[in-house]
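Notes follow once the structure below has been shown.
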Amino acid sequence: VVMPNHVHALLTPYPGFELENILHSIKSYTANEIQALRGTSGTLWMNESHDHIARDGEELVRIQEYIRANPEKAGLSSNEFVLNTARYKLH
């Protein structure tokens, strides 16, 4: 979900790919695209991230629900955020 001042994403890195490098790539690409659309330059994203590891199916579902509910919890109307959903299939 893309919120007005932050982003929530749930992903599973492929073996051999480090989360730090994936996040850098996402932030770099999106910052360049956003800056091009806005006709601006400079720092867009903060260097920090708050990552969590889902250690079991129950925690994964809890994190999915937290992300899904975040816009409503923040009191946003539907035109103030972007939400794309997918469900992880638990084995």
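Assorted remarks:
- Residues of the stretch 9-32 satisfying the condition of being open to solvent by 90 Å² or more (accessible area, probe 1.4 Å) and either at positive phi or assigned to a helix (DSSP H, G or I) (or both): Glu20, Asn21, His24, Tyr29, Asn32
- Checking each residue in the stretch 51-89 for being assigned to a helix (DSSP H, G or I) and open to solvent by less than 60 Å² (accessible area, probe 1.4 Å) picks out Gly57, Glu59, Leu60, Ile63, Gln64, Ile67, Ala69, Asn70, Pro71.
- The stretch 33-45: number of residues that are part of a loop (DSSP other than H, G, I, E, B), more than 13 Å from the chain's Cα centre (by Cα) and not β-branched (Val, Ile, Thr): 4
- Scanning the stretch 35-50 for residues that are surrounded by fewer than 10 Cβ atoms within 10 Å (Cβ to Cβ), at pLDDT below 90 and either touching a Ser or Thr at 6+ places or on another chain (Cβ under 7 Å) or among the small types (Gly, Ala, Ser) (or both) yields a count of 1.
- Of all residue pairs spaced 6 or more apart or on separate chains, those with beta-carbon atoms under 8 Å, a first member in the stretch 33-47 that is free of Cβ contacts under 8 Å to residues at least 40 places away in the same chain and a second member that is open to solvent by less than 70 Å² (accessible area, probe 1.4 Å) and assigned to a loop (DSSP other than H, G, I, E, B) are Ile34/Leu44; Gln35/Gly42; Gln35/Leu44.
- Meets criteria (farther than 21 Å from Thr85 by Cβ and acidic (Asp, Glu)) for Glu58: no
The values are calculated or read from the model by the stated rules, or taken from the named source; none is laboratory data. None of these values were measured; they are calculated from a predicted model. Note that each Cβ is placed from the backbone with ideal geometry, even for glycine, and that neighbours are counted across all protein chains shown. Accessible surface is based on the protein model in full, side chains and every heavy atom, while ligands, DNA and RNA are left aside. Shrake-Rupley method; radii C 1.70, N 1.55, O 1.52, S 1.80 Å.
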